[in-house]
Amino acid sequence: MPNIEQVQPPLEFIAPKFNLSVFKVVTPLLPGWRKFQTPIANIQGENLETLAQLYQQFQQGKIRFLIAFRHPSTHDPFAIAELLWHLVPQAAKQQNISFNAPIHSHFIYDRGIPLWAGSQVGWLFSQLGGIPIHRGKLDRQGLKTARELFANGEFPIAASPEGGTNGHNEIISPLEPGIALMGFWCVEDLLKANRNEQVWILPLGIKYHYLQDNWSAVAELLTEMEADCGITDLTPPSPPTAATLYPRLIRVGNRLLSLMENFYQRFYHQDLPTSENDELPTRLKAILDVALNVAEKYFDVQPKGGLIDRCRRLEQAGWDCIYREDIPDVESLCPIERSLADRIAEEANLRMWHMRLVESFVAVTGRYVKENPSFERFAETTLLVWATMNRIKGQKINKRPNLGKQKVQMTVGEPISVSERWDVYQTSRRGAVANLTADLQTALERMI
């Protein structure tokens, strides 16, 4: 996120305006853009004929559907675009499945992305049919737009039920109920319009694999992280393997936790129920809770729900202090009012740092590598710890260290009918949404 020192006008809604001309320009540029921006060397798809058939039925007016994709990485949009723009049309041609070009989708994205990626990204997402959503509040305009496009849009919709990336290929964060709820809204809107399309949710698995186990690159990164943590009694050089690097990763983790525990105890006067003798997962859980407590006390936000829910609410509380909807015209403020508003915005930005710290580390369990010390798990965890340390150092984490080229495996799951659950939804809305969300979580976990 940018370093904000002044009050900002309210965040405007970036309306989706699909532009075929922009789409035609972006499509051939995708492979080169992906090569420049990501370590992805290859993208493969499985069960693509299912998705091709859904697009055919969609264009025939028989169905509406939403693609619910796993979101392990910020590189996922590149993989999904490759899937829709290239792999699905190729599979359809091989299976003699006919439909009209372009094969595309509207998509839901976090309204905060253009804040750190740049306004040009917001413009591009708009031209490609993206729908921005504020994650920490009831975003009526965003949800209304998504609902309208789900029922009446030119394309299906794609969205992540996890709500954000978690950095792990083999851990799925708890799903948010919004995807299931949108499915039932679509059924309701179609019935009101006397339309007979069936509504489906399609699980889409995304998994990254390194082409080579580059333990030397991980060892070099750990050396940098050890120096950043002030670890001076370095481990004697040895051939880099999971067995030799795991103790170093654990030592970095424990050292980082010790520094953070002292930081919050000494300067924020927080009591921690743990000590250095406790296991790493226990200490980690406690320090993340304390970091969020510090921000929650400042913003007067109640600590409800899990860590991710708490992060979302804190993000919105910070935005409310920075992007002031209660000030119609920032420039019309008198100098004293403007200075006070700037002070509030600057302090809100600083207090959100605690939430961003947790956001970087929230998916780390402390057991993930120990349970299966594969190179993928080791690399994922090391990069998450690196991101947390760089967040503390005040450095950007968007461009992470390259630990090697990767291939992406995209797996199209079996569609889940929402229409068939309509009667249950009418009887118990909350129960129907919860059951559909649980079934979607199970479907995504099966594809790991």
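For this structure, a couple of remarks:
- Axis of helix 429-446 versus longest Cα principal axis of the chain: the two differ by about 70°, to the nearest ten degrees.
- With each label modelled as a point 7 angstrom along the Cα→C-beta vector, the ASP289-GLU154 pair spans 5.1 nm.
- With kT/(6 pi eta Rh) evaluated at 25 °C and eta = 0.890 mPa s, and Rh the Kirkwood radius from Cα pairs, the stretch 237-352 diffuses with a coefficient of 144 µm²/s according to Stokes-Einstein.
- Members of LYS137/LYS297; LYS207/LYS285; LYS35/LYS405 lying beyond 22 Å, as alpha-carbon distances in this model show: LYS207/LYS285
- Normalised per residue, the accessible area of the chain is 48 Å², obtained with a 1.4 Å probe and no contribution from ligands, DNA or RNA.
- One Cα centroid belongs to the stretch 208-262, the other to the stretch 368-414; the line between them spans 14 Å.
- As a calculated quantity, the FRET efficiency between LEU124 and SER332 at R0 = 22 Å, using C-beta atoms, amounts to about 0.10.
- THR38 accessible area, 1.4 Å probe, all protein chains in place, Å² to nearest 10: 10 Å²
- Beyond 21 Å, the tail of the calculated P(r) for the stretch 11-96 holds 43 percent of the Cα pairs.
- Largest GNM mean-square fluctuation across SER126, SER105, SER428, computed for the chain with C-alpha springs under 10 Å, falls on SER428.
- With Cα atoms, 0 to 90° folded angle of helix 335-361 axis to the chain main axis: 90 degrees
- Percent of Cα pairs in the stretch 109-169 per distance bin of 10 Å, from zero to the largest separation: 20, 50, 28, 2.
- For the chain: rounded, prolate or oblate by the Cα gyration tensor [a/c cutoff 1.5]: oblate
- Among ASN152, ASN293, ASN372: highest mean-square fluctuation, GNM of the chain, C-alpha pairs under 10 Å: ASN372
- Note on the stretch 298-447: the alpha carbon radius of gyration divided by the globular reference 2.2 N^0.38 Å gives 1.47.
- Taking the DSSP bridge list for the chain and keeping only pairs wholly inside it, about 30 percent are antiparallel.
- Expressed as a whole percent, the accessible surface of the chain that belongs to carbon and sulfur atoms is 51, based on a 1.4 Å probe.
- Using alpha-carbon coordinates, inclination of helix 307-322 to the longest axis of the chain, degrees: 90 degrees
The values are calculated or read from the model by the stated rules, or taken from the named source; none is laboratory data. A quick note: this is a predicted structure, and the numbers were derived from the prediction, not measured. Here Cβ is always computed from backbone atoms with ideal geometry, including for glycine, and neighbour counts include all displayed protein chains. The protein model used for the area step is the full one, side chains on, heavy atoms only, and it has no ligands, DNA or RNA in it. Shrake-Rupley method; radii C 1.70, N 1.55, O 1.52, S 1.80 Å.
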